[in-house]
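> Shown below is the structure under consideration.
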Protein chains: 2
Amino acid sequence: MQTAQLLVGLDVGGTKTAALLVNASGSVLGQATVPTRTATPDELLDSISQAIHLVLAQAQVTPPQIQRIGLGVPGQVDPATGIVHLAVNLNLQNYPLGPALSARFKAPTFLENDVRTAAIGALAHVRQREPVDSLAYVSIGTGLAAGVILNGRLHRGHNGLAGEIGHMIAESGGTLCNCGLHGCLETIVAGPAIVRQMAETEPETVVRHAGDVYQAAVLGNQAAQKIVQRVSQQLSRAIQWLVMTYDVEKIVLGGGVTQSGDAFLAPILQELACLRQQSTLAAALLPDEKVHLIPAGFNPGVWGAINLTKQTLSAPEKS
Amino acid sequence: MQTAQLLVGLDVGGTKTAALLVNASGSVLGQATVPTRTATPDELLDSISQAIHLVLAQAQVTPPQIQRIGLGVPGQVDPATGIVHLAVNLNLQNYPLGPALSARFKAPTFLENDVRTAAIGALAHVRQREPVDSLAYVSIGTGLAAGVILNGRLHRGHNGLAGEIGHMIAESGGTLCNCGLHGCLETIVAGPAIVRQMAETEPETVVRHAGDVYQAAVLGNQAAQKIVQRVSQQLSRAIQWLVMTYDVEKIVLGGGVTQSGDAFLAPILQELACLRQQSTLAAALLPDEKVHLIPAGFNPGVWGAINLTKQTLSAPEKS
């Protein structure tokens with residue numbers, strides 16, 4: 001009988017769940033994506049289990065060979081107990097997702113908020129090229145949030161809400177946010193906000209997601225160009241805010257909106273270049289090398305989940 | 001001969017230097033303030049020494065009884081070496097202030113940036129009432145900066161620039177800041193900015209410092225009231241920013257501008273109450289108890305400097 005030494009990493013999203021299977025030396029043995037079913041906690045567990053069984057089948061191994069499972073969950077979680085306090089998109093409230101998954105697969109499960117999990121994955125990614133101890137991973141998708149690594153460890157904050165930068169007020173009296181406040185950063189730069197601004201400016205142009213707006217901008221649509229400029233200015237400001245508050249070594253950008261690649265990144269770098277021209281402080285703190293875009297082929301969520309199981313980063317921050 | 005067990009704390013400002021002498025149990029034996037002389041490093045050392053000799057005289061003790069000296073310096077410093085890299089207001093550049101003071105008094109000297117030192121003092125102050133492990137001390141005076149405590153320790157950041165919130169861009173295309181950027185938070189809420197706004201709005205009213213504007217507002221001057229409202233809105237937003245990024249337990253406000261006391265604090269609390277009404281997230285994260293004003297009689301700078309010497313907080317953050 002083979003020793004159990006395989007690690008499973010899961011990125012559980014509101015619509016799909018990605019899974020990764022690696023061996024002790026970090027080689028990929030399987031990867032899969034399945035739709036997330038959220039009608040009941042049991043159905044959710046079934047869809048997560050389906051993803052796990054798929055990657056096991058790819059590697060021709062069986063559940064007993066799983067040593068540990070890590071997963072990132074979009075919501076408020078308690079890593080110490082494995083309880084998901086609130087995950088609206090997964091239809092979970094105060095549910096012991098970690099223990100339930102551990103019971104199904106007879107393996108310890110480590111869970112964390114999805115953006116924080118991705119921050120751990122982003123750290124691993126950046127560390128392949130240079131030694132880095134601090135970064136903010138900014139996830140720009142349906143919402144906007146940051147996972148913050150300080151001194152090589154996650155910074156969760158007193159209420160586990162550190163990095164909720166989507167709700168930093170960017171514009172007095174701006175658009176009403178889901179949170180109730182007006183002018184939150186999220187109402188300008190998140191995916192749905194980008195789509196909304198295009199619909200408001202040019203209702204005749206049909207856009208389904210932020211990528212359409214970036215593409216239209218590249219193709220010369222002036223309304224789209226204005227929106228991209230506004231979004232890029234606010235994102236460059238968010239980067240500046242994170243650097244001035246945390247003084248982290250890297251800002252890593254990821255999430256759905258960043259999938260427009262260069263069309264997304266170039267105007268942000270342009271804004272940062274403007275700031276550098278104006279100020280020696282900005283020149284010192286905001287070089288282009290500070291900002292890193294997660295490449296299309298890398299999923300920081302599943303790799304972060306793998307690293308969660310190693311417990312080097314997910315240890316509670318209180319010493 | 002008596003054992004050396006007295007601690008000296010110093011807050012070295014651009015115009016005056018405050019000193020505090022305490023014994024091992026923390027009782028105050030002397031306190032003094034002298035003008036800071038900055039023509040040469042030697043003159044600076046002389047004025048610091050004068051402050052120390054004054055508090056020693058008050059306690060009728062001699063230099064050999066000093067066990068340790070702590071000091072907060074307005075500029076970029078290296079706590080490990082005691083070198084002041086740059087302190088414009090003290091006319092120092094790459095000067096070994098710590099070693100020079102140690103040599104004069106034959107006692108180890110511990111030094112740190114002044115706002116960070118005050119943050120340590122603020123922590124001690126808040127801890128007299130409740131156990132707290134994280135806070136941001138926001139100094140609102142000639143400039144604006146924050147000293148951040150996470151997990152009971154100073155967070156300095158990768159370049160020692162964490163908490164430079166005065167240069168977070170608050171207003172696109174706003175007033176030109178000393179740093180070269182436009183619309184930095186400091187150009188709206190720092191003391192000189194408050195005075196400038198009054199001079200711009202109502203040149204016939206003579207104001208010398210921010211306190212005059214707060215007083216005019218209380219007495220019904222409408223221009224002053226508008227400025228106070230704008231400043232308070234931006235400060236409440238800065239508080240919200242710090243809470244959304246760091247998720248600290250307390251925001252402690254100190255520095256010259258806060259000396260207007262209730263006239264300063266009440267409109268900020270009003271703004272926060274507005275945010276709470278709008279949003280359950282804000283209601284959870286921004287209760288009135290979160291914000292603490294340093295009382296007039298307490299100097300967090302000298303107390304922080306005393307605590308620096310105890311090295312529980314000033315240890316390098318890298319573990």
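The values are calculated or read from the model by the stated rules, or taken from the named source; none is laboratory data. Worth saying up front: this structure is predicted, and the values here are computed from it rather than measured. Note: ideal-geometry Cβ built from the backbone for every residue, glycine included; neighbour counts use all protein chains shown.
> Failed condition for B:Val228, given (1) under 15 Å from B:Thr142 (Cα atoms); (2) of a type in the set (Val, Ile, Thr); (3) free of Cβ contacts under 8 Å to residues at least 60 places away in the same chain, with all others met?
Looking at each condition in turn, B:Val228 falls short on (1).
> Filter region B:271-289 for residues that are in contact with a helix residue (DSSP H, G or I) (Cβ under 7 Å, 6 or more places away or on another chain) and in contact (Cβ under 8 Å) with a residue 12 or more places away in the chain and give the result. Reasoning before the result, please.
Here is the first cut: in region B:271-289, the ones in contact with a helix residue (DSSP H, G or I) (Cβ under 7 Å, 6 or more places away or on another chain) are B:271-272, B:275-276, B:281-283, B:285-286, B:288.
Passing the criteria: B:Glu271, B:Leu272, B:Leu275, B:Ala282, B:Leu285, B:Leu286, B:Asp288.
> For B:Glu204, all conditions in the list (1) under 30 Å from A:Ala136 (Cβ atoms); (2) charged (D, E, K, R); (3) modelled with pLDDT under 95 hold save one; what is the number of the exception?
(1)
> Considering only residues that are more than 11 Å from A:Ile149 (Cα to Cα) and not in a loop (DSSP other than H, G, I, E, B), which ones fall in region A:106-117?
Within region A:106-117, the subset more than 11 Å from A:Ile149 (Cα to Cα) is A:106-115.
Once the filter is applied, which keeps residues that are more than 11 Å from A:Ile149 (Cα to Cα) and not in a loop (DSSP other than H, G, I, E, B), region A:106-117 yields A:Thr109, A:Phe110, A:Leu111, A:Glu112, A:Asn113, A:Asp114, A:Val115.
> While we're here: Does A:Gly121 satisfy being buried (at least 24 other Cβ atoms within 10 Å of the Cβ), small (Gly, Ala, Ser), more than 10 Å from chain B (Cβ to nearest Cβ) and assigned to a strand (DSSP E or B)?
Values: buried (at least 24 other Cβ atoms within 10 Å of the Cβ): yes; small (Gly, Ala, Ser): yes; more than 10 Å from chain B (Cβ to nearest Cβ): yes; assigned to a strand (DSSP E or B): no.
Spelling it out, it is not the case that A:Gly121 is buried (at least 24 other Cβ atoms within 10 Å of the Cβ), small (Gly, Ala, Ser), more than 10 Å from chain B (Cβ to nearest Cβ) and assigned to a strand (DSSP E or B).
> Could you tell me which residue of region B:265-274 is surrounded by the fewest Cβ atoms within 10 Å (Cβ to Cβ), considering only residues that are within 13 Å of another protein chain (Cβ to nearest Cβ) and either not acidic (Asp, Glu) or not in a helix (DSSP H, G or I) (or both)? I'd like the intermediate steps shown before the answer.
So in region B:265-274, the residues within 13 Å of another protein chain (Cβ to nearest Cβ) come out as B:271-272, B:274.
Adding the requirement that they be either not acidic (Asp, Glu) or not in a helix (DSSP H, G or I) (or both) leaves B:272, B:274.
Details: B:Leu272: 25, B:Cys274: 14.
So the residue we want is B:Cys274.
> Right, here's the next one. For region A:146-155: of the residues being within 15 Å of the chain's Cα centre (by Cα) and hydrophobic (A, V, I, L, M, F, W, C), which is nearest to A:Val257 (Cα to Cα)?
Among those that are within 15 Å of the chain's Cα centre (by Cα) and hydrophobic (A, V, I, L, M, F, W, C), it is A:Ala146.
> Residues to consider are B:Gly98, B:Gly152, B:Gly141; find the one that is at positive phi and out of contact with any Lys or Arg (no Cβ under 8 Å at 6 or more places or on another chain). Working first, answer last.
Numbers: B:Gly98 fails: at positive phi; B:Gly141 fails: at positive phi.
After ruling out the rest, the residue left standing is B:Gly152.
> Given the conditions (1) at pLDDT 95 or above; (2) more than 27 Å from A:Lys250 (Cβ to Cβ); (3) of a type in the set (Gly, Ala, Ser), report the number of the one that A:Ser134 does not fulfil.
(2)
> Only one residue in A:Thr40, A:Thr33, A:Thr17 is hydroxyl-bearing (Ser, Thr, Tyr) and surrounded by 18 or more Cβ atoms within 10 Å (Cβ to Cβ). Which one? Walk me through how you get there before you give the answer.
On the way: A:Thr40 fails: surrounded by 18 or more Cβ atoms within 10 Å (Cβ to Cβ); A:Thr33 fails: surrounded by 18 or more Cβ atoms within 10 Å (Cβ to Cβ).
Only one candidate passes the filter, namely A:Thr17.
> Of everything in region B:172-206, what is at the interface with chain A (Cβ under 10 Å from one of its Cβ atoms), in contact with a Cys (Cβ under 6 Å, 6 or more places away or on another chain) and either at positive phi or in contact (Cβ under 8 Å) with a residue 12 or more places away in the chain (or both)? Give them in sequence order.
Correct list: B:Cys184 only.
> Can you name every residue in region A:94-105 that is part of a helix (DSSP H, G or I) and of a type in the set (Phe, Trp, Tyr)?
Taking region A:94-105 and keeping what is part of a helix (DSSP H, G or I), we get A:97-105.
Result: A:Phe105, single match.
> Still on this structure, please answer the following. Only one of these conditions is not met by B:Asp262: (1) acidic (Asp, Glu); (2) over 18 Å from B:Gly141 (Cα atoms); (3) more than 10 Å from chain A (Cβ to nearest Cβ). Which number is it?
(2)
> Okay, next question. Quick check: anything in region A:70-93 among the polar types (S, T, N, Q), more than 25 Å from A:Gly160 (Cβ to Cβ) and part of a loop (DSSP other than H, G, I, E, B)?
First, pick out the residues of region A:70-93 that are among the polar types (S, T, N, Q): A:76, A:81, A:89, A:91, A:93.
Right, trim to more than 25 Å from A:Gly160 (Cβ to Cβ) and you get none.
Checked against the condition, which is being among the polar types (S, T, N, Q), more than 25 Å from A:Gly160 (Cβ to Cβ) and part of a loop (DSSP other than H, G, I, E, B), region A:70-93 yields no hits at all.
> Conditions: (1) within 29 Å of A:Asn159 (Cα to Cα); (2) in contact (Cβ under 8 Å) with a residue 24 or more places away in the chain. A:Asp42 meets all but one. Number of the miss?
A:Asp42 satisfies all of (1) within 29 Å of A:Asn159 (Cα to Cα); (2) in contact (Cβ under 8 Å) with a residue 24 or more places away in the chain except (2).
> Looking at B:Gly255, is it under 30 Å from B:Pro108 (Cα atoms) and either among the small types (Gly, Ala, Ser) or at pLDDT 95 or above (or both)? Write out each step before concluding.
Working: under 30 Å from B:Pro108 (Cα atoms): yes; either among the small types (Gly, Ala, Ser) or at pLDDT 95 or above (or both): yes.
Yes: the conditions hold for B:Gly255.
> Which count do you get for residues in region A:21-51 that are aliphatic (A, V, I, L, M) and over 30 Å from A:Ala162 (Cβ atoms)?
Initial filter on region A:21-51 (aliphatic (A, V, I, L, M)): A:21-22, A:24, A:28-29, A:32, A:34, A:39, A:44-45, A:48, A:51.
Within this subset, residues satisfying the condition of being over 30 Å from A:Ala162 (Cβ atoms) are A:21, A:24, A:28-29, A:32, A:34, A:39.
Residues flagged as aliphatic (A, V, I, L, M) and over 30 Å from A:Ala162 (Cβ atoms) within region A:21-51 amount to 7.
> Of all residues in region B:50-65, which are within 10 Å of B:Gly30 (Cα to Cα) and of a type in the set (S, T, N, Q)?
B:Gln58, B:Gln60
> Another one. Please pick out the residue among B:Arg116, B:Arg156 that is basic (Lys, Arg), over 14 Å from B:Val252 (Cα atoms) and either crowded, with 19+ Cβ neighbours inside 10 Å or not assigned by TED's automatic domain parsing to the domain that holds B:Gln76 (or both). Talk me through it step by step, then tell me what you get.
Working: B:Arg116 fails: over 14 Å from B:Val252 (Cα atoms).
It is B:Arg156.
Conditions tested, residue by residue: (1) over 20 Å from A:Cys177 (Cα atoms); (2) surrounded by 21 or more Cβ atoms within 10 Å (Cβ to Cβ); (3) under 18 Å from the mean Cα position of the chain (by Cα); (4) more than 14 Å from every other protein chain (Cβ to nearest Cβ).
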position: B:Gln225; (1), (2), (3), (4): yes, no, no, yes
position: B:Gln233; (1), (2), (3), (4): no, no, no, no
position: B:Ile239; (1), (2), (3), (4): no, yes, yes, no
position: B:Leu242; (1), (2), (3), (4): no, yes, yes, no
position: B:Ile251; (1), (2), (3), (4): yes, yes, yes, no
position: B:Gly255; (1), (2), (3), (4): yes, yes, yes, yes
position: B:Arg276; (1), (2), (3), (4): no, no, no, no
position: B:Thr280; (1), (2), (3), (4): no, no, no, no
position: B:Ala284; (1), (2), (3), (4): no, no, no, no
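> Moving on. Given the criteria outside any loop (DSSP other than H, G, I, E, B), away from every other protein chain (no Cβ under 11 Å), among the hydrophobic types (A, V, I, L, M, F, W, C) and touching a residue at least 40 places away in the same chain (Cβ under 8 Å), does B:Val148 qualify? Reasoning before the result, please.
Numbers: outside any loop (DSSP other than H, G, I, E, B): yes; away from every other protein chain (no Cβ under 11 Å): no; among the hydrophobic types (A, V, I, L, M, F, W, C): yes; touching a residue at least 40 places away in the same chain (Cβ under 8 Å): yes.
No: the conditions fail for B:Val148.
> Continuing with the same structure: Looking at region A:61-96 only, could you name the residues that are touching a strand residue (DSSP E or B) at 6+ places or on another chain (Cβ under 9 Å), farther than 20 Å from A:Asn159 by Cα and of a type outside the set (D, E, K, R)?
Residues of region A:61-96 touching a strand residue (DSSP E or B) at 6+ places or on another chain (Cβ under 9 Å): A:61, A:65-79, A:82-87, A:90, A:92-96.
Narrowing the set further to residues that are farther than 20 Å from A:Asn159 by Cα leaves A:61, A:65-71, A:90.
Within region A:61-96, A:Val61, A:Gln65, A:Ile66, A:Gln67, A:Ile69, A:Gly70, A:Leu71, A:Leu90 qualify.
> Right, here's the next one. Mind listing just one residue for me: the one in region B:1-25 that is under 21 Å from the mean Cα position of the chain (by Cα) and part of a loop (DSSP other than H, G, I, E, B) and, of those, nearest to B:Phe110 (Cα to Cα)? Walk me through it before giving the result.
Initially, region B:1-25 is screened for residues under 21 Å from the mean Cα position of the chain (by Cα), giving B:7-22.
Next cut, part of a loop (DSSP other than H, G, I, E, B) only: B:13-15.
Numbers: B:Gly13: 16, B:Gly14: 19, B:Thr15: 21 Å.
The extreme case among them is B:Gly13.
> Would you tally the residues in region B:199-213 being surrounded by fewer than 24 Cβ atoms within 10 Å (Cβ to Cβ) and outside any loop (DSSP other than H, G, I, E, B)? Even if it seems obvious, please write down each step before you answer.
Filtering region B:199-213 down to residues surrounded by fewer than 24 Cβ atoms within 10 Å (Cβ to Cβ) leaves B:199-209, B:211-212.
Within this subset, residues satisfying the condition of being outside any loop (DSSP other than H, G, I, E, B) are B:199-201, B:211-212.
Result for region B:199-213: 5.
> How many residues are more than 13 Å from chain B (Cβ to nearest Cβ) and over 17 Å from the mean Cα position of the chain (by Cα) if we restrict to region A:124-145?
Adding up the residues that qualify gives 3.
> Something else: Going through region B:86-115 one residue at a time, which ones are under 19 Å from the mean Cα position of the chain (by Cα) and without any contact (Cβ under 8 Å) to a residue 40 or more places away in the chain?
Scanning region B:86-115 gives B:Leu86, B:Ala87, B:Val88.
> Could you list, in sequence order, the residues of region B:151-171 that are facing another protein chain (nearest Cβ under 7 Å) and farther than 25 Å from B:Ala87 by Cα?
Passing the criteria: only B:Asn151.
> Check off (1) buried (at least 16 other Cβ atoms within 10 Å of the Cβ); (2) more than 30 Å from A:Leu154 (Cα to Cα); (3) more than 20 Å from the chain's Cα centre (by Cα) for B:Gly191 and give me the number that stays unchecked.
(3)
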